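The values are calculated or read from the model by the stated rules, or taken from the named source; none is laboratory data. None of the values given here were measured: they were computed from a predicted structure. Quick reminder, even Gly has a Cβ in these numbers, built from the backbone with ideal geometry, and neighbours come from all protein chains shown. SASA here: full protein model, heavy atoms, side chains in, ligands and nucleic acids out. Shrake-Rupley method; radii C 1.70, N 1.55, O 1.52, S 1.80 Å.
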Amino acid sequence: MVVWQWYCGGMDVLSKGSTDIEAPSYCQVDFPLVVDKGYTYSIPSGLLHRLRLGMRVLVPFGKKKEIGYVTDLFSHPPELPEGTEIQPVLKTIDAEPIITREVLELVRRASEYYLEPVGLFIKSALPPSLRGGNRPAELKRAIALADSLPQVKLTKRQQELVDLLQREGPLTRKELSLLGGFSSSIVKRMLEMGVIKEEERGPRFMGVFRSSVPDVVEAIELTEEQKRAVSCLVSNLEERRYNTFLLHGVTGSGKTEVYIRLCARAIEMGLGSLVLVPEISLTPHYIGRFRSRFKERVALLHSGLSVAERWREWERIRRGEALVIIGTRSAVFAPVSKLGVVIVDEEHDSSYKQETRPRYNARDLAVWRGNLENATVVLGSATPSLESYHNALIKRYTLIELTKRVGEAKLPTVKVVDMRRENWPISKSLVKAIEETLNKGEKVLLLLNQRGYAPFLMCQDCGFVPQCPNCEVSFTYHRSPPLLVCHYCGHFEGPFDLCPTCGGEMKIRGIGTQRLQEEVERLFPERVVARMDKDTSKGREGSWKVLRRLERGEVDILVGTQMIAKGHHYPSITLGGVVFADVGLRLPDFRAAERTFQLLTQLAGRTGRGEKVGRVIVQSFVPYHYSIKWAKIQDFKGFAEEEMKMRKAFGFPPFIHLTRLLFSGKREDKVERVAAEVASIFQKSPKIQALGPAPAPLSRLRNRVRWHLFLKSGSRVAVTEALKGIPLRKRGVSIEVDRDPYSLL
Ligand code: ADP
Ligand code: ZN
């Protein structure tokens, strides 16, 4: 219970959620809505034997009827304000509970800690088809090869379609068009010819995941370091004892293989494993390795699947058919009934933090869940978050280290280029390195953490920079199509040539990924350059089209944002270039140095994963900055030590517990006043230091004025208690609580 006490100070939530009530005649129902609490309903005698904890029910709610979740049962009505009339449950929606007791408990704790409604968390825990009152969605139709191929002559195109299906297995029409550009007329023709057939599609995986499954599973002999890690984790698992391990392994040290061995042991014991990854569409290779090892025992949970697929996967997990569940953050609520292992890969990644309501950090909930279910929790990273590293140093977590890359692979060499005396945006050293790499037939990654064409349009004469009318943010200039786009609210306008204030000439300033691609194509006209960023990865297919081209060796230079630094394993990539390492360092955020260090180290981790040594070139105007200095020698501990000193001196996490309150509304005076009133509540608390209120760095977004207030405290319990009285809304000003915030803008 150590972890739980750390987070919530032993708050007595376990005593809720009564299990063995003899004759429950009342229940609590929570709703998938932003309402402040659940409500009590009576259970009519006809439903007494049917209604159970974790089911959906239809109940009267104000003048309407609403679907809600049964979250507690009582034999006597709780004390309610005088005159409250308890209404009856109208009907049950499910035959069986759709949420397990353990997940319900997790959700309760999350709700207490993050101050978000229980119902919102349950909604996140369920596949979309079960969130409201609807029944699971229909299965999709997919196209497969006919059982016996008729003796017909195929055209070249038709043969290509057959080959594709042979390689990928059944595909939907959409996938056929996407993967091979096959039109519906060719599909129709081949259906008529009896070469292919259309069938209901079961719980399958998107083509990209199947194609990455190696046919033969190589017998991998573990390295000494891996063996030690596995035996330590497995013996903890065999004792069925909660413990969290921080697996700090340099990039390419074989962490994934360690996870796989641990999951394999869990399967032998009949236990499930939950494997959380930051973004599934970026890691087809990774999924492929789990799939080739565990076949149909693997389930995937992420938003790239169709509604039907998500429901089917969810069902396979609930029935215990799938025992290794790989998913993104909301998979932390997956209905695994006997949980043995919880893995959070790339645990430092900020995508574990959900920034919309309900706000939560899936990495932290994963630890709580492991704690609740006596599971072995592994947080893995080459660049652990300082929070987790601190927990390891004070022995709350157990540190396991993998210090060497597997096999002959060496860590890449890193060179820092001082851009104060070099060509912008691509230095001579970088051009030379790219040439050398491509001439050897190897590939290049170029990272620039800024999408769009250029971050500004600026008047040459008066310095005017056009801003979004809804937000206190300058427009990003996009070239194809030419637009000024606000990256916060999505508002866009056509660009203009002349300054609206002085008539001067507007010039493009700075560089984004679109412009970088153009620049690289100009320098290397005979090479294939591709781009991967939020703009190229829209939709369900995300970035896997680009990744497949990369996998097939069709791309020479991949330009992109931080997405390209995440988890890939392509041995042909031997050069990584960071075009402008300082992008993140300028943000007013205490994690700026940590993020920069992580990004540089992770990019270095993508290079030289085969036999050849990789190299990285980092371009910076502040080459002496310590995050760059430590990334240059890829020394996590050195960086962590220096950064920890700063955090301690200035009072930032992991040494204190931080909470951010965000106030937003239409009118500045009101927002300011409400923020000041709320701040004064905390000024009385001796255990909490309140900083602010002050205008947020993004002081206006989507036409709303924003102020914020920070709470620093050594005690999470004190903050939880103090926050309990804070309303969600006050005089038209909305108040959002963000505990352990990642975004400070
Ligand atoms: P990490 O997750 O630490 O970056 P991976 O688990 O992706 O590293 O391992 C890198 C590569 O090394 C993968 O292709 C993996 O299959 C391979 N590998 C892992 N362990 C071994 C081993 N003991 N022997 C040979 N190859 C290994
Ligand atoms: Zn805007």
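Data overview
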read-out: Of all residues in region 256-291 being β-branched (Val, Ile, Thr) and under 21 Å from Leu339 (Cβ atoms), the one that is most open to solvent (accessible area, probe 1.4 Å); value: Ile267
read-out: For Phe663: the one exception among (1) more than 20 Å from Glu472 (Cα to Cα); (2) modelled with pLDDT of 95 or more; value: (1)
read-out: Qualifying positions in region 290-315 - under 20 Å from the mean Cα position of the chain (by Cα) and not hydrophobic (A, V, I, L, M, F, W, C); value: His302, Ser303, Gly304, Ser306, Glu309, Arg310, Glu313
read-out: Failed criterion for Met55 (all others in (1) at pLDDT below 90; (2) open to solvent by less than 20 Å² (accessible area, probe 1.4 Å) hold); value: (1)
read-out: Helices (runs of 4 or more DSSP H) wholly inside region 603-696 that include at least 2 residues being touching a strand residue (DSSP E or B) at 6+ places or on another chain (Cβ under 6 Å); value: 626-632, 668-683
read-out: Residue match in region 688-700 (condition: among the polar types (S, T, N, Q), more than 30 Å from Ala565 (Cα to Cα), open to solvent by 30 Å² or more (accessible area, probe 1.4 Å) and under 28 Å from the mean Cα position of the chain (by Cα)); value: yes
read-out: In region 547-568, residue surrounded by the most Cβ atoms within 10 Å (Cβ to Cβ) [restricted to those that are more than 19 Å from the chain's Cα centre (by Cα) and within 16 Å of ligand 1 (Cβ to nearest atom)]; value: Leu550
read-out: Qualifying residue in region 438-457 (condition: more than 26 Å from Ala565 (Cα to Cα) and open to solvent by less than 50 Å² (accessible area, probe 1.4 Å)); value: yes
read-out: Identity of the residue in region 235-255, crowded, with 20+ Cβ neighbours inside 10 Å and part of a helix (DSSP H, G or I), that ends up nearest to the chain's Cα centre (by Cα); value: Lys255
read-out: Failed criterion for Gly463 (all others in (1) away from ligand 2 (no atom under 16 Å from the Cβ); (2) surrounded by 18 or more Cβ atoms within 10 Å (Cβ to Cβ); (3) on the phi > 0 side of the Ramachandran plot; (4) not basic (Lys, Arg) hold); value: (2)
read-out: Any hit, region 706-717, residues being open to solvent by 50 Å² or more (accessible area, probe 1.4 Å), away from ligand 2 (no atom under 16 Å from the Cβ), touching a strand residue (DSSP E or B) at 6+ places or on another chain (Cβ under 9 Å) and part of a loop (DSSP other than H, G, I, E, B); value: yes
read-out: Wholly within region 291-384, strands (runs of 3 or more DSSP E) carrying at least 1 residues that are touching a Cys at 6+ places or on another chain (Cβ under 9 Å); value: 324-327, 339-345
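Matching residues to (1) acidic (Asp, Glu); (2) surrounded by 19 or more Cβ atoms within 10 Å (Cβ to Cβ); (3) more than 16 Å from ligand 2 (Cβ to nearest atom):
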{"position": "Glu346", "(1), (2), (3)": "yes, yes, yes"}
{"position": "Ser351", "(1), (2), (3)": "no, no, yes"}
{"position": "Asp364", "(1), (2), (3)": "yes, yes, yes"}
{"position": "Val367", "(1), (2), (3)": "no, yes, yes"}
{"position": "Ser388", "(1), (2), (3)": "no, yes, yes"}
{"position": "Ile400", "(1), (2), (3)": "no, yes, yes"}
{"position": "Ala409", "(1), (2), (3)": "no, yes, yes"}
{"position": "Pro412", "(1), (2), (3)": "no, yes, yes"}
